[in-house]
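**Q** Got a structure here, written out as structure tokens. Questions coming.
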Amino acid sequence: FILHLKAIKENLERVPWKEKLNDYLIYHYVIPPRVTQEPLENFTWIYKDTIYEIVKNSKDMRDAVLKVNEWCYTKIEYKPTERWDQNAISTIKRGFGRCEEMTILFMKALKTVCIPAREVYTPWWPFTESNHAWCEVWTGDGWAFIGSAEPTDLNFAWFRNSSKRAGIILSPVFGKLKEN
């Protein structure tokens, strides 16, 4: 956990969007080391420089989100896993995962470069007899949604219409929820 915090502190000092973040966003949407119940790992420490190199020339947080998403897309393909909620390093090593693992990888990569992110999911879509997980990101101007490790623009993911018909959509947060 100390290495996780050191990596976030180091990248917070070098990303240009530092001033767009407040303590609430950092404490609740950047620092938590887990996305869901995946095993703990040293992803943030191991990948702090790799992911920083991807975003260092980004013109803003939105641009950085799209670059990180593209990087994640090159690391994983959608495929069901035997083990649920594998961590991001396992996903990179295996090269595949479900939407949940795609979201775990994407969110950990975003948080590594101090971009607030939160998981969003629906446990059941009645029209498909399935579920889905995706990511919402803070762009400095507000929250936007995007498919994790899916090459698409913000607020334009394939599920944008389907999610409107979901019976319930959830988004866990660490600590007390506060409206931004």
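The values are calculated or read from the model by the stated rules, or taken from the named source; none is laboratory data. All of these numbers come straight from a predicted model, not from anything done at the bench. Note that we place each Cβ from the backbone using ideal geometry, even for glycine, and neighbour counts take in every protein chain shown. Only protein heavy atoms, including side chains, enter the accessible area calculation; ligands, DNA and RNA are left aside. Shrake-Rupley method; radii C 1.70, N 1.55, O 1.52, S 1.80 Å.
**Q** Could you list, in sequence order, the residues of the stretch 9-31 that are part of a helix (DSSP H, G or I) and closer than 20 Å to LYS59 by Cα?
**A** GLU10, ASN11, LEU12, GLU13, ARG14, LYS18, GLU19, LYS20
**Q** Can you name every residue in the stretch 32-78 that is open to solvent by less than 40 Å² (accessible area, probe 1.4 Å), of a type in the set (D, E, K, R), assigned to a helix (DSSP H, G or I) and touching a helix residue (DSSP H, G or I) at 6+ places or on another chain (Cβ under 6 Å)?
**A** Hit for the stretch 32-78 is LYS48, nothing else.
**Q** Regarding THR122, is this residue open to solvent by less than 10 Å² (accessible area, probe 1.4 Å), under 14 Å from the mean Cα position of the chain (by Cα) and hydroxyl-bearing (Ser, Thr, Tyr)?
**A** For THR122, the condition - open to solvent by less than 10 Å² (accessible area, probe 1.4 Å), under 14 Å from the mean Cα position of the chain (by Cα) and hydroxyl-bearing (Ser, Thr, Tyr) - is not met.
**Q** A further question follows. Given the conditions (1) at pLDDT 95 or above; (2) surrounded by fewer than 20 Cβ atoms within 10 Å (Cβ to Cβ), report the number of the one that TRP158 does not fulfil.
**A** (1)
**Q** Mind listing whichever residues of the stretch 134-147 are open to solvent by less than 20 Å² (accessible area, probe 1.4 Å) and at pLDDT 95 or above?
**A** CYS135, VAL137, ALA144, ILE146 - these are the residues of the stretch 134-147 that are open to solvent by less than 20 Å² (accessible area, probe 1.4 Å) and at pLDDT 95 or above.
**Q** Sticking with this structure for a sec: Looking at the stretch 80-99 only, could you name the residues that are surrounded by fewer than 24 Cβ atoms within 10 Å (Cβ to Cβ) and of a type outside the set (A, V, I, L, M, F, W, C)?
**A** PRO80, THR81, GLU82, ARG83, ASP85, GLN86, ASN87, SER90, LYS93, ARG94, GLY95, ARG98
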